[in-house]
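I have placed the structure first, in the form of structure tokens, so that the comments after it can refer back to it.
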Amino acid sequence: MSKLTQVGIIMGSQSDLAVMNEAAKILNELQIPYEISIVSAHRTPERMYEYAKNAVDRGLKVIIAGAGGAAHLPGMVASLTPLPVIGVPIKSTNSIDGWDSVLSILQMPNGVPVATVALNAAQNAGILAAQIIGSSNSIVLDRVSVFKEKLKDKVNKSNDDISG
């Protein structure tokens, strides 16, 4: 990991990678350095503990944690670090339509917040991470502003296309 790495993207298993790569894509577009890794709360709890406890010392500013099923990874990481954690609920093969993941991440007790995006919405997690970093970094804030302007332009162009 580079000292410039600002966002940690973690997930419970390899099967989550297709969803979590969407966060990586948006961070690439916004030129925000990140690391990406598999850190399972259930299968590698020691790795999860070390990852979360050392995140600040490694220079991370935000952690995006994706998990399916019981989805304990985001909350457990949030309990171990002072950094903001963004949870991405993932509809997995052992999921109950994804609701188990959503509720596991959303229903955190007071004192251990996890920002939660929609089911499989890792792109939104990447945008939110950029906005958090942008709140104290004007260069990133400008990139986010340009990104949002492009979204507006895309909608306006679509409207022009259908209006004739």
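Based on the Cβ-Cβ distance of residue 146 and residue 36, what FRET efficiency does E = 1/(1 + (r/R0)^6) give at R0 = 30 Å, to the nearest 0.05? Efficiency for this residue pair is about 0.80.
Cross-link reach is defined here as a Cα-Cα straight distance under 17 Å, omitting same-chain residues fewer than 8 places apart; for residue 61 the lysines meeting it are 3, 53.
Taking trypsin sites (Lys or Arg not before Pro) across the stretch 55-103, none is in a DSSP loop with at most 10 further Cβ atoms lying within 10 angstrom of its Cβ.
As an equivalent ellipsoid, the stretch 75-117 spans semi-axes of 21, 9, 8 angstrom, where each value is the square root of five times an eigenvalue of the C-alpha gyration tensor, largest first. Other residues within the sphere of radius under 12 Å centred on the Cβ of residue 37, judged by their own Cβ, net out at -1 (K and R +1, D and E -1). From helices alone, the chain scores -15000 deg cm²/dmol at 222 nm; the rule is -39500 (n - 2.57) for each run of n ≥ 4 DSSP H residues, then divide by the residue total. Backbone amide hydrogens, once placed in the peptide plane, bring residue 41 within less than 5 Å of 73, excluding anything fewer than 5 places away on its chain. Sequence-distant contacts, meaning Cα pairs under 8 Å at least 6 residues apart, place the relative contact order of the chain at 22 percent.
The shape of the stretch 81-156 can be summarised by an equivalent ellipsoid whose semi-axes, obtained from the alpha carbon gyration tensor, come to 27, 18, 8 Å from longest to shortest.
Here the stretch 7-163 has an Rg and Dmax of 16.1, 57 Å, counting Cα atoms alone. Maximal additional length on extending the residue 4-residue 29 stretch stands at 7.4 nm, based on 0.36 nm per residue less the C-alpha distance. The ellipsoid equivalent to the alpha-carbon distribution of the stretch 115-164 has semi-axes of 26, 16, 5 angstrom, derived from the gyration tensor eigenvalues as √(5λ) and listed largest first.
No value in this document is a laboratory result; all are computed from the given coordinates. All values reported here derive from a predicted model rather than from experimental measurement. In this analysis, Cβ positions are derived from the backbone assuming ideal geometry, glycine residues included, and neighbour counts consider all displayed protein chains.
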